[in-house]
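Structure record follows, encoded as structure tokens.
The values are calculated or read from the model by the stated rules, or taken from the named source; none is laboratory data. It should be emphasised that the depicted structure is a prediction, and the values quoted were computed from it without experimental measurement. Every residue, glycine among them, receives a Cβ derived from its backbone with ideal geometry; neighbour counts consider all protein chains shown. Ligands, DNA and RNA are excluded from the accessible area calculation, which covers all protein heavy atoms including side chains. Shrake-Rupley method; radii C 1.70, N 1.55, O 1.52, S 1.80 Å.
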Amino acid sequence: MSDVCFSSDRVPHVGIFDSGVGGLSILRALLRACPQARFSYVADTAYAPYGQRAPQDIHARSVHLTQHLFDQGVDCVVVACNTATTQAIDMLRQAFPHRPFVGVEPGIKPAAAASRSGRVGVMATPGTLASARFEALVQRHAAHCAVTRVPCPGLASAIEAGLPNAEVEALLDVFCQPLRAAQVDTVALGCTHYPFVADRVAARLGPAVRIVDTAEAVARRTRSVLGLPVTAEGGPTSTDAQRCMLFTTADAAALRQQTHSLLGADVWSVQKISEVLAH
Ligand code: DGL
């Protein structure tokens with residue numbers, strides 16, 4: 001049974017937030033999986049990156065952005081950030097009882113299931129890898145695997161700066177090295193920014209290593225929470241941008257340009273919102 005009910009003439013409205021452009025990898029999958037829905041997306045760029053922030057900062061930011069999304073009238077909130085999900089989704093569910101949330105966590109379960117050698121890698125922010133929720137995920141789904149954890153400080157920020165760029169390449173050289181040394185055969189991308197550099201990770205690890213990104217699974221879970229029917233999924237369409245309203249706590253023109261370059265040629269509507277927490 002779905003968590004939300006709609007009359008047939010009502011357009012489902014999905015809220016999404018991330019520290020920046022990483023959640024656009026989730027939005028991309030949602031646009032495909034939920035062609036009936038519209039979307040409000042917040043990039044908390046004034047407070048990015050989240051990966052090295054204290055949990056109490058992430059809690060405060062998550063409540064602020066979630067409140068903004070519910071003020072827009074969204075039916076559910078997708079926490080399109082592994083760092084915010086692992087550190088704050090339990091608190092969000094308590095703060096907004098009876099409101100549906102969908103979280104994004106590193107794909108440890110599919111990675112462990114896909115691995116033939118039992119040697120699995122995960123790339124994520126320091127905050128995600130230090131969280132109790134991440135450790136519980138490993139114990140639950142990958143206790144039988146050797147899990148190589150690679151914290152990637154600076155990588156999300158380097159991706160925010162625009163692709164391609166030399167800093168991203170240099171960081172990936174460093175962060176892929178322990179994965180090669182451990183001879184992993186499967187790597188979970190545990191940060192929503194990283195799917196935008198999945199091809200570069202794959203190029204460094206070789207064709208035998210499988211890369212796991214959970215965006216499509218998150219989109220299917222959201223569709224089920226909304227009670228939407230399964231439809232044939234196509235590629236990007238000319239109406240994608242018309243179904244989205246983007247918000248940022250930093251520069252609207254910069255987010256418009258980043259979205260254009262990461263998701264495609266549409267003209268995206270972007271509005272700046274206050275980064276100041278409401279008390
Ligand atoms: N995209 C986010 C994640 O999935 C956060 C990256 C960051 O702000 O450090 O973890």
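Radius of gyration (Cα atoms) of region 125-271, expressed as a multiple of 2.2 N^0.38 Å: 1.19. Ellipsoid semi-axes for the chain, based on the Cα gyration tensor and the rule √(5λ), read 28, 21, 19 Å when sorted largest first. Database remark: amide H of T148 closer than 5 angstrom to the amide H of V120, G121, V122 (H placed geometrically; neighbours at sequence offset of 5 or more, or on other chains; Pro and chain starts carry no H). Axis angle, to the nearest 10 degrees, between helix 24-33 and the longest C-alpha principal axis of the chain: 70 degrees. Note on surface exposure: V218, V267 rank V267, V218 by accessible area, highest first, 1.4 Å probe. Measuring only protein heavy atoms, the 1.4 Å probe finds D251 accessible over about 90 Å².
Taking other residues whose beta carbon is less than 12 angstrom from the beta carbon of L189, and scoring Lys, Arg as +1 and Asp, Glu as -1, yields -1.
Here the 3J(HN,Hα) profile of region 237-242, calculated from phi with Karplus coefficients 6.51, -1.76 and 1.60 at θ = phi - 60°, is 10, 6, 9, 3, 5, 5 Hz, Gly and Pro shown as x.
For I211, the amide hydrogen comes within under 5 Å of the amide hydrogens of V187, counting only partners 5 or more places away or on other chains and with H modelled in the peptide plane. Backbone amide hydrogens, once placed in the peptide plane, bring V4 within less than 5 Å of G227, excluding anything fewer than 5 places away on its chain.
Taking all protein chains as they are arranged and a probe of 1.4 Å, the heavy atoms of E167 leave approximately 100 Å² accessible to solvent.
For region 1-81, report the % of Cα-Cα distances exceeding 18 Å. Provide the component values of the computation, followed by the final result.
On the way: 1411 of 3240 pairs.
Of all Cα-Cα pairs in region 1-81, 44 percent lie more than 18 Å apart.
In terms of accessible area, using a 1.4 Å probe and ignoring ligands and nucleic acids, M91, M123 rank largest first as M91, M123. For region 183-227, the Cβ-based charge dipole about the Cα centre amounts to some 120 debye (Lys, Arg positive; Asp, Glu negative; other atoms uncharged). When the Cα centres of region 56-86 and region 161-211 are compared, how far apart do they sit, in Å? If we compute the Cα centre of each part, the gap is 27 Å. Here the sum of -39500 (n - 2.57) over DSSP H runs of 4 or more residues, divided by the residues of the chain, equals -12500 deg cm²/dmol at 222 nm, to the nearest 500. Expressed per residue, the C-alpha convex hull volume of region 196-279 stands at 184 Å³.
Normalised by 2.2 N^0.38 Å, where N counts its residues, the alpha-carbon radius of gyration of region 96-192 equals 1.17. Each residue of region 116-121 was assigned a 3J(HN,Hα) from its phi angle through the Karplus expression (A = 6.51, B = -1.76, C = 1.60, θ = phi - 60°), giving 8, 8, x, 10, 10, x Hz with x at Gly and Pro. About its Cα centre, region 177-279 has a charge dipole of approximately 160 debye under the convention of +1 per Lys or Arg Cβ and -1 per Asp or Glu Cβ, with nothing else charged. Computed with a 1.4 Å probe over protein heavy atoms only, the accessible area of S274 comes to about 70 Å². If you run the Gaussian network model on the chain, springs between alpha carbon atoms under 10 Å, then out of L137, L30, L179 the most flexible one is L137. In degrees, nearest 10, range 0 to 90: what is the angle between the Cα axis of helix 132-141 and the longest Cα principal axis of the chain? Taking Cα atoms only, the helix is inclined about 70 degrees. Summing Cβ point charges (Lys, Arg +1; Asp, Glu -1) relative to the Cα centre of region 29-145 gives a dipole of roughly 400 debye. Converting phi to 3J(HN,Hα) with the Karplus coefficients 6.51, -1.76 and 1.60 and the offset θ = phi - 60°, region 163-175 yields 10, x, 8, 5, 5, 4, 4, 5, 5, 5, 4, 5, 6 Hz in sequence order, with x at every glycine or proline.
Near G154: Cβ cut-off under 12 Å, other residues only, Lys/Arg at +1 and Asp/Glu at -1. The net charge is -2.
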